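The values are calculated or read from the model by the stated rules, or taken from the named source; none is laboratory data. Keep in mind it's a predicted model, so treat the numbers as computed, not measured. A quick note on method: Cβ atoms are made from the backbone with ideal geometry, for glycine too, and the neighbour counts reach across all protein chains shown. Note: areas computed on protein heavy atoms with side chains; ligands, DNA, RNA excluded. Shrake-Rupley method; radii C 1.70, N 1.55, O 1.52, S 1.80 Å.
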Amino acid sequence: VVLRPGSGSRQQDPLSGVDGLALASDPVGTLNFLAMVENLQGDSGRGYYLEMLIGTPPQALNILVDTGSSNFAVAGVPDPDVTSYFNTELSSTYKSQGIDVTVKYSQGSWTGVLGTDVITIPKGIYGSYTINIATILESENFFLPGVKWQGILGLAYNALAKPSSSVETFFDSLVRQAKIPNIFSLQMCGAGLPVSGSGTNGGSLVLGGIEPSLYKGDIWYTPIKEEWYYQVEILKLEVGGQNLELDCREYNADKAIVDSGTTLLRLPQKVFSAVVQAIARTSLIQEFSSGFWTGSQLACWDKTERPWSLFPKLSIYLRDENSSRSFRISILPQLYIQPILEIGENLQCYRFGISSSTNALVIGATVMEGVYVIFDRAQRRVGFAVSPCAEVDGSPVSEIEGPFTTADVASNCVSSISFHEPMLWIASYALMSLCGIILLVLIILLLIPPRCQHRYTDNDVVNDESSLVRHRWK
């Protein structure tokens with residue numbers, strides 16, 4: 001059941017079922033949401049992963065859940081930083097498509113070959129399904145020391161898929177073959193726990209719907225502005241209840257996205273600076289090293305202290321489905337002042353769980369560990385509800401409240417001109433090329449005698465490198 005904001009009564013959500021039972025619209029019984037509870041492990045520092053069986057006979061691998069990219073890729077050869085890999089030669093159902101695929105990151109990259117094979121998810125939907133899979137043959141700074149996953153599950157839209165958007169994504173394949181609703185939901189349970197701890201923090205990836213036991217209170221929905229990343233519209237930020245008073249377009253420069261593969265809350269530089277100044281001004285710490293805010297230094301306190309009481313809460317306002325209303329997600333310091341290292345028997349050291357970004361506001365694990373997130377692709381919206389596991393010392397560390405009026409913000413905080421879609425990129429480059437050719441012809445006609453033969457230049461090469469966010473960009 002889902003309580004619609006402002007409805008005043010609880011309504012049955014046709015996607016969620018009751019108590020995790022299979023849906024009435026699911027005649028083959030592929031869905032049991034309770035079976036998917038606690039099917040993730042990991043931590044905010046190194047990601048949350050899902051066990052998957054690939055090939056025939058099945059090979060078990062842990063796969064990083066990433067809503068900020070769109071390729072399903074696994075280690076295809078031995079690597080010093082992975083404990084196992086998918087050996088295609090041992091699978092009788094693997095079929096290579098012979099297509100090379102490369103994904104570049106600001107910190108790392110991988111290159112592999114596209115193929116298909118069957119997969120099953122032990123704690124997911126029932127059945128085996130044929131999926132596009134890239135086997136990673138070479139990588140640089142992609143598999144990191146200490147990670148317990150051997151592949152990545154990109155759950156964003158096919159617009160980001162490599163080598164082209166024609167590659168059917170993992171989730172699109174599940175929707176088509178298993179006939180499940182086009183919706184999934186995600187809970188990450190690492191609030192207040194060490195950033196890079198045992199890697200056994202719980203979490204849940206619910207494929208095909210919403211599990212009622214994973215949230216409390218209302219689900220608040222915000223529209224998906226564009227179907228590539230899960231792009232949303234941020235209206236304003238508050239620190240300690242005080243509005244930052246920035247133009248709302250600053251929060252969406254050049255996009256605002258929800259990405260489980262990003263470890264931090266990443267903010268555009270101007271927004272980040274304003275947030276740091278506001279936190280420093282409202283905190284109870286008189287002097288604080290700038291290295292803490294930039295991520296180059298840790299702050300340490302005696303283990304008997306609770307430094308979270310020294311910092312304010314941070315609130316993010318998103319536009320509601322009713323555009324004249326908004327709602328806010330508030331995270332307490334327990335989510336953005338993150339334990340990372342113990343020194344001796346007495347000291348606990350923390351990092352700042354917010355960082356600056358050159359090209360996006362990214363709602364990553366810092367925020368997502370406080371909420372249950374519903375990626376409702378069918379209705380083109382992202383939902384947020386308070387997560388029961390977002391507690392530290394028995395107290396909630398996140399809040400979702402609303403509705404609020406949007407009279408004090410612009411009617412549109414996202415640029416109306418978008419060059420994110422591949423066709424728009426192609427059209428823009430084509431127009432620029434045409435203008436360039438016309439200008440070149442005019443110059444030739446002005447400077448060269450008419451009887452001279454005209455010359456031409458090669459068209460510019462258009463590079464289609466999508467950026468990828470986390471502690472690396474996809």
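What are the residues in the range 59-86 that are surrounded by fewer than 16 Cβ atoms within 10 Å (Cβ to Cβ) and either among the β-branched types (Val, Ile, Thr) or in a loop (DSSP other than H, G, I, E, B) (or both), if any? Selection gives 77, 78, 80, 81, 83, 84.
Scanning the range 303-360 for residues that are in contact with a Leu (Cβ under 9 Å, 6 or more places away or on another chain) and among the basic types (Lys, Arg) yields 303, 313, 319, 328, 351.
Assess whether residue 296 counts as being at pLDDT below 95, out of contact with any Lys or Arg (no Cβ under 8 Å at 6 or more places or on another chain), open to solvent by less than 20 Å² (accessible area, probe 1.4 Å) and assigned to a loop (DSSP other than H, G, I, E, B). No.
Checking each residue in the range 139-161 for being modelled with pLDDT of 95 or more, of a type outside the set (Gly, Ala, Ser) and surrounded by fewer than 22 Cβ atoms within 10 Å (Cβ to Cβ) picks out 157, 158.
Residue-by-condition table, conditions (1) in contact with a helix residue (DSSP H, G or I) (Cβ under 9 Å, 6 or more places away or on another chain); (2) surrounded by 15 or more Cβ atoms within 10 Å (Cβ to Cβ):
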{"site": "227", "(1), (2)": "yes, yes"}
{"site": "234", "(1), (2)": "yes, yes"}
{"site": "237", "(1), (2)": "yes, yes"}
{"site": "261", "(1), (2)": "yes, yes"}
{"site": "281", "(1), (2)": "no, no"}
{"site": "284", "(1), (2)": "yes, no"}
{"site": "291", "(1), (2)": "no, no"}
{"site": "304", "(1), (2)": "no, no"}
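Within the range 166-179, can one find any residue that is assigned to a loop (DSSP other than H, G, I, E, B), free of Cβ contacts under 8 Å to residues at least 12 places away in the same chain and more than 16 Å from residue 257 (Cβ to Cβ)? The answer is yes; a qualifying residue exists.
Residue 193 falls short on exactly one of the conditions (1) open to solvent by 40 Å² or more (accessible area, probe 1.4 Å); (2) closer than 26 Å to residue 90 by Cα; (3) of a type in the set (A, V, I, L, M), and that condition is (2).
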